[in-house]
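What follows is one structure encoded as structure tokens, with my remarks underneath.
The values are calculated or read from the model by the stated rules, or taken from the named source; none is laboratory data. Being a predicted model, the structure only gives us computed values, none of them experimental. Positions of Cβ are generated from backbone atoms using ideal geometry, with glycine treated the same way; all protein chains shown enter the neighbour counts. Ligands, DNA and RNA are stripped out before the accessible areas are found, and what is left, the full protein with its side chains, is counted by its heavy atoms. Shrake-Rupley method; radii C 1.70, N 1.55, O 1.52, S 1.80 Å.
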Amino acid sequence: MAPTSHHQEQRQHTDLPAPPPPPGVTNLGDMQYSKKDRVAVIGSGNWGSVAAKLVAENALIYPHYYDEVRMWVYEEILPSGQKLTDVINATHENVKYLPNIKLGLNVVADPDLHNAVKDATMLIFVTPHQFVDGICKRLQGKVRQDAKAISLIKGMEVKKEGPCMISTLITEVLGIECSVLMGANIANEIAQEKFSEATVGYRDEKKVADKWVQVFSKSYFQITPVKDVEGVELCGTLKNVVAIAAGLVDGLQMGNNTKAAIMRIGLREMRVFSKLIFPSVRDSTFFESCGVADVITTCLGGRNRKVAEAFAKHEGKRSFDELEAELLQGQKLQGVSTAAELFEVLKARKWEDQFPLFTTVHRIATGELPPSAVVEYSEHAPSMVVEGAAQYY
Ligand SMILES: NC(=O)c1ccc[n+]([C@@H]2O[C@H](COP(=O)([O-])OP(=O)(O)OC[C@H]3O[C@@H](n4cnc5c(N)ncnc54)[C@H](O)[C@@H]3O)[C@@H](O)[C@H]2O)c1
Ligand SMILES: O=P(O)(O)OC[C@H](O)CO
């Protein structure tokens, strides 16, 4: 049965004038007051829960949002025998994926995907990337055609014709516009309201980007809109492969200089790959939170780094899948599958030599190379430049 909202009495400030726009937002135009928006979050993992907390707080502050934020939960039974959704709705905490953080009384966990998105005008997609295709297919014909979407998902799909970004997949399957939000955003830190930044990538309409900026912004979470969906999304996607390399370096105890070198080489491959695939990608995007800042934070403190460190410590004898299950308890890595997807693209285009770090990470993850190979390719790199790429180095 679909859950109901218990929190109407919790709404605050609805009779007050709207607060000033957040930093970076110049003009919300008439969209700010013309109709109420209903926000739904599709996904409820570590970052999904934080996203729900952020938007639910803002939904109570701004009068032009409905209070209730529905969060679709992939239902599971906890060791206590209770359903995760029941526990979230009773305690207002995602005890499995974001323990000890209150999500807000207006976040309603809903295991029914169709009900979760019903009447929503703003759809936030935030699941591990491997599940989004199936979720979108289930949502076909079930979302409002005037709804706007945003993807917080760091990952991509590979189709016959090449890489397909998740925002594109959402647009293709659901027929609605999709922006992206990426950045140096380790979820647990934002949940604790520690200052950080993010980047919204949008395609055409700045007005739409401004709405997304508004609904996510807090004084401790500052967002810059950038008209470069592909650049922002590729940054968020590819940095997970660099994070695996950084974790291997940590596991091999190679020190800070080596790790900094891996981060630099990784950022360079991110930029070259992005620009070869989408020449419209802007250089400046790599200097936003979604670019260099996310590479840094993910290589210092992310889950991909953590699991790759353990993989190297075990000399590749325990698989990433096994270590992921043991170390992350249900949370998902994106870097290993992204390395495989990336490798498919590189192989199809005969670009493997052009991207030695990306290629080597994949070969290490599959057991073809030992973890130490992460630093054993770079002497070959400069001479290998495919046509069109030289300009990006
Ligand atoms: N956690 C972070 O710090 C962080 C920060 C920024 C971006 N991201 C990105 O956000 C996306 C979502 O990550 P997360 O951290 O919210 O999730 P997570 O890794 O914490 O949790 C995994 C989620 O997948 C769900 N799930 C498991 N099997 C499923 C299935 N078959 N179908 C659908 N869902 C299933 C689980 O219920 C859980 O909600 C990823 O692309 C990630 O890269 C994460
Ligand atoms: O924990 P990771 O490695 O999935 O990274 C989390 C975020 O993407 C960091 O911005």
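Values of log10 I(q)/I(0) for region 178-312 across q = 0.10, 0.12 Å⁻¹ run -0.33, -0.47, by the Debye formula with one identical scatterer at each alpha carbon and no solvent. For the chain, a simple Cβ point-charge model (Lys and Arg +1, Asp and Glu -1, everything else neutral) yields a dipole of about 160 debye relative to the Cα centre. Residues whose amide H lies under 5 Å from that of residue 196, counting only those 5 or more places away or on a different chain, are 221, 222; hydrogens are built 1.01 Å from N in the peptide plane.
Hey, what angle do you get for helix 256-277 against the long axis of the chain, alpha-carbon based, 0 to 90 degrees rounded to 10? Tilt relative to the chain: about 70 degrees.
Based only on Cα atoms, what mean projected area does the convex hull of region 107-249 have, in nm²?
Numbers: hull surface 39.2 nm².
Mean shadow area of the hull around the Cα atoms is 9.8 nm².
Whenever you get a sec, compute what percent of the accessible area on region 145-213 sits on carbon and sulfur atoms (1.4 Å probe).
Details: 1120 of 2470 Å².
Ligands and nucleic acids excluded, carbon and sulfur give 45 percent.
With θ taken as phi - 60° and the Karplus curve 6.51 cos²θ - 1.76 cosθ + 1.60 applied, the whole-hertz 3J(HN,Hα) list for region 187-203 is 4, 4, 6, 6, 4, 8, 6, 8, 4, 7, 10, 8, 10, 9, x, 10, 8 Hz, x standing for glycine and proline.
Of all aspartates and glutamates in the structure, those lying under 19 Å Cα to Cα from residue 350, and not within fewer than 8 positions of it along the same chain, are 157, 161, 269, 341, 368, 387. Based on every Cα atom in region 88-131, Rg and the maximum pairwise Cα distance Dmax equal 11.9, 31 Å.
Here region 243-331 is treated with +1 on each Lys and Arg Cβ and -1 on each Asp and Glu Cβ, and its dipole about the Cα centre works out to around 280 debye. Counting only helical runs of four or more DSSP H residues, what would the 222 nm mean residue ellipticity of the chain come to if each run contributes -39,500 (n - 2.57) and the total is spread over all its residues? Only helices count here, giving -12500 deg cm²/dmol.
Average projected area of the Cα convex hull of region 237-374, in nm²?
7.7
Ignoring ligands, DNA and RNA, please state the percent of accessible area on region 317-366 from carbon and sulfur, probe 1.4 Å. The C+S portion of the solvent-accessible surface of region 317-366 is 47 percent.
Note on region 63-217: with charges restricted to the Cβ of Lys and Arg (+1) and Asp and Glu (-1), its dipole about the Cα centre is near 220 debye.
Take the Cα coordinates of region 310-379, assign each an equal point scatterer, and use the Debye formula without solvent to give log10 I(q)/I(0) at q = 0.17, 0.26 Å⁻¹. Each listed q maps to, in turn, -0.64, -1.17. In units of the compact-protein estimate 2.2 N^0.38 Å, the chain shows a Cα radius of gyration of 0.98. Summed over the residues of the chain and divided among them, the accessible surface reaches 42 Å² per residue at a probe radius of 1.4 Å. Taking every DSSP beta bridge that has both ends in the chain, the antiparallel portion is near 30%. For region 35-137, the alpha carbon positions stretch 43, 31, 20 Å along the principal axes, listed from largest to smallest.
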